[in-house]
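Heads up: the structure comes next, in structure tokens.
The values are calculated or read from the model by the stated rules, or taken from the named source; none is laboratory data. Here the structure is a predicted model, which means the values were calculated and not measured. With ideal geometry, Cβ positions are generated from the backbone for all residues, glycine too; neighbour counts draw on all protein chains shown. Just the protein is used for accessible areas: all its heavy atoms, side chains included, with ligands, DNA and RNA removed. Shrake-Rupley method; radii C 1.70, N 1.55, O 1.52, S 1.80 Å.
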Amino acid sequence: MSDQAILSKPLDIGGVEIRNRVFLAPMSGVTDEPFRQRAYAHGAGLVISEMVASGELAKGRAGFNLRIRHSGLPVHMVQLAGREASHMAEAARIAVGEGADIIDINMGCPAKKVTGGYAGSALMLDLDHALTLIEAVVGAVDVPVTVKMRLGWDENVLNAPVLARRAEQAGVKMVTVHGRTRCQFYKGRADWKAIAGVKAAVTVPVVANGDVGSLEDAGTILRESEADAVMVGRAHYGAPWMAGEIASAAGGVSAPAIPSAGGELVSYVTAHYEDMLSLYGRESGLRQARKHLGWYLDRHAPSVGAGQRKALLTCGDPRQVILLVNEIFSQPANARDAA
């Protein structure tokens, strides 16, 4: 079986069957409920919530319940981040109470606001403490627990294989590895071959992540990393269908429900926008949706005039935003060029 063909096959994660091996990466501020629903409808094998701060969830901070709310999909997977074992355990219990089928632990986020609190990829500097968090979550819930990590903190601390092996011994059922160190952030190219060291260290499924944006990329990262599945992140900006498109192509079938240009794209972007307003309310929804509108512009209307772009991304009237979406995305490319 070819590397690409493997991607269309199911995968078992601790007794939970996943329909294919191309996953939507958890992305803070991106993979909320409307985005996950779209990615899954397009054929992504698994979709994961945006990162949820365990301390805020455990303390009942307003708004965090939206990040773990069950979206009605067959598999509900919630990613948690934190530094305190008690908060991680309690947050995991809350998420499972809301219907989570899998809990993922974030040990890979490179953002300073996360690592500055000694969470995310900062945990790779203290594996003993990282294991206390894993053990707390595994002990708190009866659903599979997984971990997402990087290769290490920097080129001098490439300890992902050690963390993965210890995580498996603690009961983790899957490991995802982004092929960069924390100090690389998203610079350069992900080192897909380095992920093979993690695969060699464990028997649970390994997911390879970093710079995957096409079927060819997915097949190559699978081969070079020897991983069991792939995870697609930033390639979804302006294209919630990317993972599904890759999985469908791997299986030799057409991806479902991908909008074409013109009226289909207008309807798609409008529906996404309206779903975000419905989820967050008008004020917050307007802010949350702007980055998505910007990504749709970047991908589908890159030549739009600066005036139209600014109008769309600063407008505070949802009705006017929808009119602008129709005006911009229904135009053929040559008409936008002339605008």
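General observations
- Boolean, Ala92 is buried (at least 22 other Cβ atoms within 10 Å of the Cβ) and at pLDDT 95 or above: yes
- With respect to (1) open to solvent by less than 10 Å² (accessible area, probe 1.4 Å); (2) assigned to a loop (DSSP other than H, G, I, E, B), the lone exception for Met276 is condition (2).
- Filter result for the condition that a residue is under 20 Å from Pro318 (Cα atoms) and of a type outside the set (S, T, N, Q), over Trp295, Trp241: Trp295
- Residue under evaluation Leu286, criteria (1) touching a Pro at 6+ places or on another chain (Cβ under 8 Å); (2) over 17 Å from Ala41 (Cα atoms); (3) without any contact (Cβ under 8 Å) to a residue 12 or more places away in the chain, criterion not met: (3)
- Residues that are modelled with pLDDT under 95, closer than 30 Å to Lys9 by Cβ, surrounded by 15 or more Cβ atoms within 10 Å (Cβ to Cβ) and not aromatic (Phe, Trp, Tyr) are absent from the range 297-310.
- Counted as qualifying within the range 1-56 are the strands (runs of 3 or more DSSP E) with 1 or more residues that are open to solvent by less than 10 Å² (accessible area, probe 1.4 Å), over 19 Å from Thr220 (Cα atoms) and touching a residue at least 24 places away in the same chain (Cβ under 8 Å), namely 11-13, 16-18.
- Residues (assigned to a helix (DSSP H, G or I) and crowded, with 18+ Cβ neighbours inside 10 Å) located in the range 221-231: Ile221, Leu222, Ser225
- For Ile105: the one exception among (1) buried (at least 17 other Cβ atoms within 10 Å of the Cβ); (2) closer than 22 Å to Ser278 by Cα; (3) touching a helix residue (DSSP H, G or I) at 6+ places or on another chain (Cβ under 7 Å): (2)
- Looking across the range 232-267, the residues that are part of a helix (DSSP H, G or I), open to solvent by 30 Å² or more (accessible area, probe 1.4 Å) and closer than 24 Å to Gln320 by Cβ come down to Gly263, Glu264, Ser267.
- Among the residues of this structure, Val207 counts as one that is among the β-branched types (Val, Ile, Thr), open to solvent by less than 10 Å² (accessible area, probe 1.4 Å), part of a strand (DSSP E or B) and touching a strand residue (DSSP E or B) at 6+ places or on another chain (Cβ under 7 Å).
- Every test in (1) surrounded by 20 or more Cβ atoms within 10 Å (Cβ to Cβ); (2) without any contact (Cβ under 8 Å) to a residue 24 or more places away in the chain; (3) not aromatic (Phe, Trp, Tyr) is passed by Leu163 save one, and that test is (2).
- Count of residues meeting criterion [more than 20 Å from the chain's Cα centre (by Cα) and part of a helix (DSSP H, G or I)] in the range 169-182: 1
- Test: residue in the range 31-45 that is in contact with a strand residue (DSSP E or B) (Cβ under 9 Å, 6 or more places away or on another chain) and over 20 Å from Ile246 (Cα atoms): no
- If you go through the range 58-84 and keep only what is open to solvent by less than 50 Å² (accessible area, probe 1.4 Å) and out of contact with any Asp or Glu (no Cβ under 8 Å at 6 or more places or on another chain), you end up with Gly63, Leu73, Ala81, Gly82.
- One residue alone among Gly171, Gly116 is of a type in the set (Gly, Ala, Ser) and more than 29 Å from Ser71 (Cβ to Cβ), and that residue is Gly116.
- Residue in the range 186-194 that is assigned to a loop (DSSP other than H, G, I, E, B), touching a residue at least 40 places away in the same chain (Cβ under 8 Å) and more than 18 Å from the chain's Cα centre (by Cα) present: yes
- Pairs where the first residue, in the range 116-131, is farther than 20 Å from Val145 by Cα and the second is open to solvent by 10 Å² or more (accessible area, probe 1.4 Å), C-beta under 7 Å, 6+ apart: Gly117/Arg83; Tyr118/Arg83; Leu125/Trp153; Leu125/Val157
- Residue count, the range 311-330 (criterion: touching a His at 6+ places or on another chain (Cβ under 9 Å) and surrounded by fewer than 18 Cβ atoms within 10 Å (Cβ to Cβ)): 0
- Members of the range 210-242 found to be in contact (Cβ under 8 Å) with a residue 24 or more places away in the chain, closer than 22 Å to Gln288 by Cα and of a type outside the set (D, E, K, R), listed by number: Val232, Gly233, His236, Tyr237, Gly238, Ala239, Pro240, Trp241, Met242
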